[in-house]
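Inspection log for the structure reproduced underneath, given as structure tokens.
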Amino acid sequence: MNEEPTIVTLFTEEEIAERVQELAAEITEDYAGKNPLLVGILKGAWMFLADLTRAITIPHQCDFIRVSSYGSGTESTGEVRLLTDLSTPIRGRHVILIEDIVDTGHTLATLLNILKEREPASLAVCSLLDKPERREVAVHIDYLGFTVPNKFVVGYGLDWDERFRHLPYIGYLEFEG
Ligand code: 5GP
């Protein structure tokens, strides 16, 4: 049965905007004079990065990296593949990985290992959401938007089988019955 879920709001558009401004202010202060490179992890982080970059007031650049996703389900396989690499070298750069949500931690742990080998000047993590109950691999998040419960969340860039990415708010899926 293909049952249509309802979406229970966790964070409104206004709450997200306020938190993004706060994170941008922290990054602006911490990276003054460092010309950081913000690396958005596609596809989920694109909306977050679009708002973050406009709120950061120091010079910086943006690039993207794409990794394999969950496919159409809601469970991670723990297998992470690099689908599209960065378009710029990062050796000697101050890199901030921009993630939508840290769940099991496999995606970030794998990406951090790959990028570390390229010898950036520094490597930090900024994630909009954290779902700590599901963690299988320890990863340090330097800048965190919100912590979420163990539910499948959508909106503000996060999808469920490519649906709900466009929503300006974040909520979790609830199935009746
Ligand atoms: P991890 O490798 O930490 O298990 O998973 C990270 C990736 O899984 C995220 O970048 C995101 O694409 C996806 N993911 C994990 N939890 C959720 C969730 O609750 N909702 C959505 N839409 N994607 C999720």
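Once the stretch 146-161 is narrowed to residues that are closer than 19 Å to E3 by Cβ and surrounded by fewer than 17 Cβ atoms within 10 Å (Cβ to Cβ), the residue that is farthest from the ligand (Cβ to nearest atom) is D161.
Filtering A17, A25 for residues that are surrounded by fewer than 17 Cβ atoms within 10 Å (Cβ to Cβ), closer than 26 Å to N150 by Cα and in contact (Cβ under 8 Å) with a residue 12 or more places away in the chain leaves a single hit, A17. If you check T28 against the conditions, is it of a type in the set (V, I, T) and more than 20 Å from I101 (Cβ to Cβ)? It is true that T28 is of a type in the set (V, I, T) and more than 20 Å from I101 (Cβ to Cβ).
The strands (runs of 3 or more DSSP E) found entirely in the stretch 59-177 that carry 2 or more residues being under 23 Å from D30 (Cβ atoms) are 61-67, 94-102, 122-130, 143-147.
When the stretch 162-174 is filtered for residues that are under 24 Å from R135 (Cβ atoms) and more than 9 Å from the ligand (Cβ to nearest atom), the ones remaining, listed by number, are I170, G171, E174.
The numbered conditions (1) modelled with pLDDT of 95 or more; (2) closer than 26 Å to E14 by Cα are all true for H94 except (2).
Only one of the listed residues (F175, F164) is farther than 22 Å from H60 by Cβ and modelled with pLDDT under 95. That residue is F175.
The values are calculated or read from the model by the stated rules, or taken from the named source; none is laboratory data. Note that the coordinates shown come from a computational prediction; the quantities given were computed from them, not determined experimentally. Glycine also receives a Cβ, built like all others from the backbone with ideal geometry; neighbour counts cover every protein chain displayed.
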